[in-house]
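What follows is a single structure, written as structure tokens, with notes after it.
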Amino acid sequence: MVDWTIASLMAIHVLMAVLWTGGYLVTGMLVLPAARRNDAPGFALDVLDSLKWFALGGIVVMGASGGGALWYLYDNELPEGLRGTALIAMMTLYGVFALTSVWSWYETKSAREANVRELPTRLKMAFRTNSLVATLLVVDAALINYVV
């Protein structure tokens, strides 16, 4: 029998994870290099500005749905062993991803206000850091669901 509460929580969690991490992966791997090649920082900043809503939504929705799933599945206590360690790693990476998302938004806002001719190194570094953390989150999610 399907437990619709946990199914709903996990569906929301996974959907937001795909949108949030996917948005930053596409940005870091496609938008930033294309903007550099085509000398179009304004276009890139428009795309990067739209990601702030993914960041805000991701921070709120992922925190709420992940916390709800933790409370519902484990009665707010982490399991022991490798699964518990993987869940702690997931929560840590989520925190890092939330902080780097805010950092990316700040760098995008600063670049927009400075009316830059090319994307600043700090901005590119922020989005590449997000791409790395997003990749680690996906790997950890696979570890939690398929290995432990």
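Descriptive notes on the structure:
- Calculated mean residue ellipticity, 222 nm, the chain: -28000 deg cm²/dmol, from DSSP H runs (n ≥ 4) at -39500 (n - 2.57) each, averaged per residue and rounded to 500.
- The length gained by stretching the chain between ILE144 and VAL26 to full extension, at 0.36 nm per residue less their Cα-Cα distance, is 40.1 nm.
- Across q = 0.13, 0.21, 0.24, 0.30 Å⁻¹, the stretch 67-121 modelled as identical point scatterers on its alpha-carbon atoms has Debye log10 I(q)/I(0) values of -0.52, -0.79, -0.92, -1.10, in the order of the q list.
- Calculated P(r) tail over 22 Å for the stretch 1-90, as whole % of Cα pairs: 44 percent
- The mean sequence separation of alpha-carbon pairs under 8 Å and at least six residues apart, normalised by the residue count of the stretch 1-137, gives a relative contact order of 38 percent.
- Semi-axes of the equivalent ellipsoid for the stretch 24-63, computed as √(5λ) from the eigenvalues of its C-alpha gyration tensor and ordered from largest down, come to 24, 10, 4 Å.
- Rounded tilt (10° steps) of 4-26 against the dominant C-alpha axis of the chain: 20 degrees
- Note on SER8: accessible area approximately 60 square angstrom, rounded to 10, probe 1.4 Å, nucleic acids and ligands left out.
- Computed 3J(HN,Hα) for the stretch 79-91, one whole-Hz value per residue from the Karplus formula 6.51 cos²θ - 1.76 cosθ + 1.60 where θ = phi - 60°, is x, 7, x, 5, 5, x, 5, 5, 5, 5, 4, 4, 5, glycine and proline marked x.
- Test item: Cα-centred dipole of the chain, Lys/Arg +1 and Asp/Glu -1 on Cβ, debye: 620 debye
- With the convex hull drawn around the C-alpha atoms of the stretch 93-148, the volume per residue stands at 58 Å³.
The values are calculated or read from the model by the stated rules, or taken from the named source; none is laboratory data. Keep in mind it's a predicted model, so treat the numbers as computed, not measured. Note: ideal-geometry Cβ built from the backbone for every residue, glycine included; neighbour counts use all protein chains shown. For accessibility, only protein heavy atoms count, side chains too; no ligands or nucleic acids. Shrake-Rupley method; radii C 1.70, N 1.55, O 1.52, S 1.80 Å.
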